[in-house]
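To start, the structure under review is shown below, and the notes come after it.
The values are calculated or read from the model by the stated rules, or taken from the named source; none is laboratory data. Keep in mind it's a predicted model, so treat the numbers as computed, not measured. With ideal geometry, Cβ positions are generated from the backbone for all residues, glycine too; neighbour counts draw on all protein chains shown. Calculation scope for accessible area: heavy atoms of the full protein, side chains included, ligands and nucleic acids excluded. Shrake-Rupley method; radii C 1.70, N 1.55, O 1.52, S 1.80 Å.
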Amino acid sequence: MEEKKMTERESLELITEMISRTKERYVADGSALLLWGYVTVAVSVLVWVLLVTTGNPAYNWLWNLIWIIGCIGSFIMSRRKKENFGAKSYSDKLTSQLWTVVAYVALVFFVCCMVFTFLKINTWTAMLVFALTVVPLTEIAQGIVVKERSLVVGGAIGMLVGIVTVCCICGGIGLGINWFIPMFIVAFIGMTIVPGHILNHKARVNR
Amino acid sequence: MKELNPLLHSQLRLAVISILMNVEEADFVYLKEKTESTAGNLSVQLDKLSGAGYISVTKGFVGKKTRTVCQITELGRQAFEEYVETLKEYLGM
């Protein structure tokens, strides 16, 4: 682009052209959803198999693998993203802030559960409630912001399972290993893996 | 009739401001690619826009590579809106 005198009409055409050139990249990235989804599902399957076959509750500590692997993966992913920065849209910024809030809420939940564990009170089901209410709600919000139906539907599936979980806890129904963990796995597949692949497919087609 | 802001009534500067109105922030490479300009020319025009307070320019590093990130300021946003209004008057829209 060279410096030259423009007419008023050319100015208007230039503005329109530049706006249309920046519009093309508004497709959300599904990589983060896939990372957290696959890690959560893999760890859940592992814990479920170990609990069913051995009956040893100590294997519940393996749930911590989710945030350990997830955080390391997210850190590597964010570094790669910074290298291919380009431009950040308003919806990019908003969704990134939303998920940052979720990460802080997760940390507070985790610290609270740890404190209760030291007091010999088991409150770890609170983490399940977090994973099946706060996370899906944020996903629905992101779906509304970026106008992506798969995120809204995926979030709604997770939210539905979350509501059932809360009702079971309030009603004193035990979250049995045999049915709850498989339901949790299915919810996470619907909530993260399916929309993650849909988003990445759309991003590839858009390129 | 009001005069068109001379700082914005330039092809490359107007292109940069139009892009920055549409995104939260953009880096130098992205702007260069979208405006199809040369690095030297773009750098000069960014300095002019930054000098007028229309954009903020942040220089940083990603690994060993330098990265320049540009963002429109409130003053830049107002100037662009005024420019478009004046343009509409000229074109009788």
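Among the residues of region A:122-142, those identified as touching a residue at least 40 places away in the same chain (Cβ under 8 Å) and open to solvent by less than 40 Å² (accessible area, probe 1.4 Å) are A:L128, A:V129, A:A131, A:L132, A:V135, A:P136, A:T138, A:E139, A:A141, A:Q142.
Of the numbered criteria (1) farther than 18 Å from A:S11 by Cα; (2) open to solvent by less than 50 Å² (accessible area, probe 1.4 Å); (3) of a type in the set (K, R), the one B:R13 fails is (1).
Of everything in region B:61-75 that is under 16 Å from A:A87 (Cβ atoms) and modelled with pLDDT of 90 or more, the residue that is least open to solvent (accessible area, probe 1.4 Å) is B:C70.
One line per residue, one yes/no per condition, for (1) away from chain B (no Cβ under 14 Å); (2) more than 15 Å from the chain's Cα centre (by Cα); (3) assigned to a helix (DSSP H, G or I):
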position: A:L98; (1), (2), (3): yes, no, yes
position: A:V105; (1), (2), (3): yes, no, yes
position: A:C112; (1), (2), (3): yes, yes, yes
position: A:F116; (1), (2), (3): yes, yes, yes
position: A:T123; (1), (2), (3): yes, yes, no
position: A:A126; (1), (2), (3): yes, yes, yes
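The condition of being more than 14 Å from chain B (Cβ to nearest Cβ), surrounded by 18 or more Cβ atoms within 10 Å (Cβ to Cβ), more than 15 Å from A:V135 (Cβ to Cβ) and modelled with pLDDT of 90 or more does not hold for A:V39.
For (1) in contact (Cβ under 8 Å) with a residue 40 or more places away in the chain; (2) surrounded by fewer than 17 Cβ atoms within 10 Å (Cβ to Cβ), each residue gets a yes or a no:
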site	(1), (2)
A:G70	no, no
A:G73	no, no
A:V105	no, yes
A:C112	no, yes
A:G154	yes, no
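Could you say whether any residue in region B:40-54 is of a type in the set (S, T, Y), within 19 Å of A:G86 (Cα to Cα) and in contact with a helix residue (DSSP H, G or I) (Cβ under 6 Å, 6 or more places away or on another chain)? Within region B:40-54, not a single residue is of a type in the set (S, T, Y), within 19 Å of A:G86 (Cα to Cα) and in contact with a helix residue (DSSP H, G or I) (Cβ under 6 Å, 6 or more places away or on another chain). Taken together, the residues in region B:67-93 that are touching a residue at least 12 places away in the same chain (Cβ under 8 Å) and in a helix (DSSP H, G or I) amount to 11. Of all residues in region B:43-65, those satisfying the criterion of being within 12 Å of another protein chain (Cβ to nearest Cβ) and in a strand (DSSP E or B) are B:T58, B:G60, B:F61, B:V62, B:K65.
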